[in-house]
Amino acid sequence: MLGEKSHYAVQLNRLFLTPIGVWPIGRDAPLVQRLLKRLAIIGCYLLMSYLLVPTALHTFLEEPDPAIKLKLIGPMSFHLMAIGKYVSLVGRTEEISACFEHVEEDWKMYSDKNAKPELEMMKRNAKIGRFLIYLCAAFMYGGGFFYHMIMPLSVGRLVTKQVRAERYLQLVAENASTDNIDVEPVRVLSYPIYGLLAKLDYVTLLLVQFVAGFVLYTITIASCSLAAVFANHVCGQLEIVMSLLRDFVHDNEDNPRIYALADDAATVERSRSDKFAEIVQRHLRALNFASRVEKNLNAICFVEFIGCTLNICFLEYYFITEWENQNTVSTMTYCILLISFIFNIFIFCYIGELLTEQSKKIGEVTYAINWYTLSGKRAVDLIMIIMIASCYPARITAGKMVNLSLGSFCNVIKTSATYLNLLRTMML
């Protein structure tokens with residue numbers, strides 16, 4: 001069963017991928033489960049369209065105020081980000097399932113061997129992945145709750161008597177009767193919706209928008225969770241390879257004469273060869289998995305990289321604007337969302353940096369150990385590992401164009417600040 005041995009590592013992936021219909025269930029799954037998965041996917045697309053289409057129509061066809069248009073373009077860009085990531089997730093469900101199976105096989109192999117040191121290394125790296133996912137979920141859901149619930153409800157209390165009178169006259173003109181007319185104006189929604197007249201409509205639409213927002217934020221967290229879990233799993237496997245390398249050389253140093261004088265020298269040499277072959281196999285398996293992860297996630301990372309650059313710029317502008325208007329709730333909301341997006345792109349860049357550095361570290365560890373005490377053939381083999389680790393480190397890219405690292409994170413922040421200055425100049 002998928003995730004049986006690796007439950008601790010992939011538990012949060014299952015939690016966030018299942019509601020959006022992306023968690024792999026296997027071809028032998030019951031019919032009901034497969035139908036629910038398809039319904040979840042269709043429902044997610046409908047909810048995202050429900051938010052995006054009315055907002056786009058209102059922004060580009062009806063709204064005359066440039067300031068309000070700008071305030072709606074930011075959420076629209078986030079919707080497009082979520083749709084792009086979701087299309088990639090749904091389209092690569094089989095490949096993502098293969099990645100989870102790979103993780104399961106690694107956990108199963110060391111569990112069957114009862115290899116406690118290796119399991120401890122894997123668990124330590126899985127714990128880092130879980131911590132990053134928890135932080136991402138806390139920021140995204142926290143910011144989303146403020147944006148979809150707290151901010152609309154607080155803004156609604158600012159409606160004036162003039163607006164009440166205008167609404168009353170509008171309803172009288174439309175109904176030609178004053179019976180059963182509710183003149184209490186509805187509060188502002190997070191996204192514009194047409195034909196909103198009654199309180200009941202408002203409550204219903206507010207809840208639907210809240211659920212749709214939950215889908216958007218869950219997609220974002222799910223994408224981040226995949227990168228966090230898979231990249232940290234690769235780091236754990238590379239850490240195991242480094243441990244095996246040290247043990248291999250230390251064993252050779254501790255008993256060189258015993259090996260040389262042993263009657264079964266051929267058996268000892270074969271044992272050494274088997275150990276070294278295992279090291280090479282584990283190293284190549286980790287690199288192949290890293291390559292597969294990069295292939296499956298580079299489109300998501302590209303959307304995240306471009307989208308976060310734009311959204312951080314918009315949120316900085318919204319934050320400054322609301323701060324100048326002394327709107328406490330809106331300022332707090334945009335501040336939380338800004339922190340969420342900055343932290344989200346930081347996670348991707350940090351994971352990419354961690355993976356690359358851990359991959360290069362194998363070459364450093366191999367060079368640091370006393371490889372010169374080995375026989376000529378073994379030393380040459382280890383030098384090959386150094387070359388592979390140094391020249392072809394594992395990495396995560398954004399669309400195969402930008403290597404995700406702490407340097408690229410700094411570039412995102414600098415670029416968003418540049419766009420912010422340009423935006424403020426245009427809006428003055």
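Rounded to whole Å and sorted largest first, what semi-axes of the equivalent ellipsoid does the C-alpha gyration tensor of region 316-360 yield via the square root of 5 times each eigenvalue?
34, 8, 5
What list of ³J(HN,Hα) couplings, whole Hz, do you get for region 420-428 from phi and the Karplus terms 6.51, -1.76, 1.60, once you set θ to phi - 60° and write x for glycine and proline?
Rounded to whole hertz, the list is 4, 4, 5, 5, 5, 5, 5, 8, 6.
Just want the ordering: V53, V87, V365, V229, from fewest to most Cβ atoms lying within 10 Å of their own Cβ.
Going from least to most buried by this count: V53, V87, V365, V229.
Test of understanding: what is the full-extension gain from V87 to R285, defined as 0.36 nm times their sequence separation minus their Cα-Cα distance?
Extra length available between V87 and R285 comes to 68.5 nm.
Please work out whether region 50-115 counts as rounded, prolate or oblate from its C-alpha gyration tensor, where a ≥ b ≥ c are the square roots of the eigenvalues and a/c under 1.5 means rounded, while otherwise a/b larger than b/c means prolate and anything else oblate?
Prolate is the answer for region 50-115, as a/c is 1.5 or above and a/b outweighs b/c.
Please compute the length gained on full extension between T418 and F60, using 0.36 nm multiplied by the number of residues separating them and subtracting their Cα-Cα distance.
126.4 nm
Tell me, what ³J(HN,Hα) does each residue in region 301-312 have, in order and in whole Hz, if you take phi through Karplus 6.51 cos²θ - 1.76 cosθ + 1.60 with θ = phi - 60° and put x for Gly and Pro?
Going residue by residue, I get 5, 5, 4, 5, 5, 5, x, 5, 4, 6, 5, 5 Hz, with x marking Gly and Pro.
Between Q33 and D274, how many nm apart are label points set 7 Å from Cα along the C-beta direction?
3.8 nm
Under the rule of at least 5 residues apart or a separate chain, name every residue whose amide H is placed under 5 Å from the amide H of T397.
Sorted by chain and number, the residues that satisfy this are L404.
So which of K116/K275; K37/K85; K116/K361; K127/K414 end up more than 20 Å apart by C-alpha?
Listed pairs above 20 Å: K116/K361; K127/K414.
So, in nm, how far is label L46 from label E94 when the simple model puts each one 7 Å beyond its Cα toward the Cβ?
2.8 nm
Does anything in region 324-361 have its amide N under 16 Å from the 7 Å Cα→Cβ label point of A368, and if so which residues?
Once the point is set 7 Å along Cα→Cβ of A368, 357-361 turn out to lie under 16 Å by backbone N, inside region 324-361.
Most exposed first by the Cβ proxy, i.e. fewest other Cβ within 10 Å, how do T425, T55 rank?
Lowest count first: T425, T55.
Which value in nm describes the separation of the simple spin-label points at V203 and K295, placed 7 Å from the Cα toward the beta carbon?
A separation of 5.3 nm, rounded to one decimal place.
Taking θ = phi - 60°, what integer Hz values does the Karplus form 6.51 cos²θ - 1.76 cosθ + 1.60 yield along region 213-220, in sequence order, with x for Gly and Pro?
Per-residue couplings from phi come out as x, 4, 5, 4, 6, 5, 4, 4 Hz.
Between F210 and M109, take the C-beta separation as r, use R0 = 60 Å, and let me know the FRET efficiency to the nearest 0.05.
That gives a FRET efficiency of 0.85.
Any read-out appearing in this document is the output of simple, stated calculations on the displayed coordinates, not a laboratory observation. As the structure is a computational prediction, the values presented were derived from the model and not from experiment. All Cβ positions, glycine included, derive from the backbone under ideal geometry; neighbour counts span all protein chains shown.
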